[in-house]
Amino acid sequence: MKAMRKVISGLLAATLLLAPVSAFAAENVKLNVNFNEARVKVNGKLVQSNVLLYKYKVYATVEGMANLFQLDYLYDEDSTSFYLGMLPAGAISDEVIEAWDSLGKEAKKTGELGEVAGDRSVTGIVNEYKVSIHAIPIEDDTLSIGGNLYVSFQAVADILGLKMKYDKATNTTYVGSIPDSILNPPKKDSAKSKTAQNKKSKMYDVAASGDMKGWRLLKGHPNEKSIAVYYKQDGSMLQMEFKDIRKVDLKRKVQWVDDNGYKHTNTVGEIYHLFTLSNEYTSDWFSSKFGKLYTDWMMVQAFHGENLVEDYLRSKGKLK
């Protein structure tokens, strides 16, 4: 099925761009959208491809969705339908699938050009194409814009049975694994407590270097030895990036005992992945099994640097 994925990668843009010249082409309309200012994390990983916001829903391209959720994908010209994952029984002949497979050996992946971040009005077509995932049709709107077909994360998550939650503080939508700190956010500090903290604050910022050149690095915050806090301010737009800078040997082996008394040996990296499965295990269970290994990891995951940066900038008169 890998070859099939290559076919649609190479032909997707051509298919979408040529469609409007058809005698039966759908009508172009103006769509008010936002590109790449909303963040999406799928199973803990930040989505790097284009993220589109339309009518309060986040979208990615059909190619991007296939890569994110590791699904093969195909296009059937006769039905103007895209299929991700399993095909509907009898919907497509073996001859057509074999032809796709053969073409895939020569097709080249076009990739996806990054869109400039911000709000704008674009020309597009709503519901020009049908999309199915594991033979289940997507009921949400599909958007044909600039040679790409966009589908919503909500529609994909519903079909795949994945949870979704939006975190307003970071403008991030979580799909699949959701950190416990997002599912059960800590109570906000009182105004009096915040004022006291600001008076004691010794934070300052310096120019960041390396791959973060052009950003500011916040210094003097309580978690400085574990978390690097970067921010970039451009007028009213404030961007933030947080990096785990702890020196952790992910290959170090750890032995632990499950609820049935059986001993297991896993690397720290494998156990960290287990920690992301917060929908299946509770924080209390992780803490009882892994102790400090879990609490140290959780400290980084639960870190809400957004408020830290905003409070710092307000104290300097750089943010209203």
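Residue 42: net charge of surrounding residues, Cβ under 15 Å, Lys/Arg +1, Asp/Glu -1, itself excluded? Its environment carries a net charge of +2.
Sorting the segments 252-263, 212-223 by their mean number of nearby beta carbons within 10 angstrom, highest to lowest, gives 212-223, 252-263. Could you work out the relative contact order of segment 204-245? I mean the mean sequence separation of Cα pairs under 8 Å and 6+ apart, divided by the number of residues, in percent. Relative contact order of segment 204-245: 29 percent. Rounded to the nearest Hz, the phi-derived 3J(HN,Hα) couplings of segment 295-307 under the Karplus curve 6.51 cos²θ - 1.76 cosθ + 1.60 (θ = phi - 60°) are 5, 5, 5, 5, 4, 6, 5, 8, 5, 10, x, 4, 5, where x marks glycine and proline. Between residue 315 and residue 55, residue separation times 0.36 nm minus the direct Cα-Cα distance comes to 90.1 nm.
Scanning residues 5 or more positions from residue 37 or on other chains, those with amide H under 5 Å from its amide H are 118, with H placed 1.01 Å from N in the peptide plane.
Taken together, the values in this text are just the output of simple stated rules run on the coordinates, not laboratory data. Everything quoted here is computed from the prediction, not taken from an experiment. Methodologically, a virtual Cβ is constructed for each residue, glycine included, from the backbone with ideal geometry; neighbour enumeration extends over all protein chains shown.
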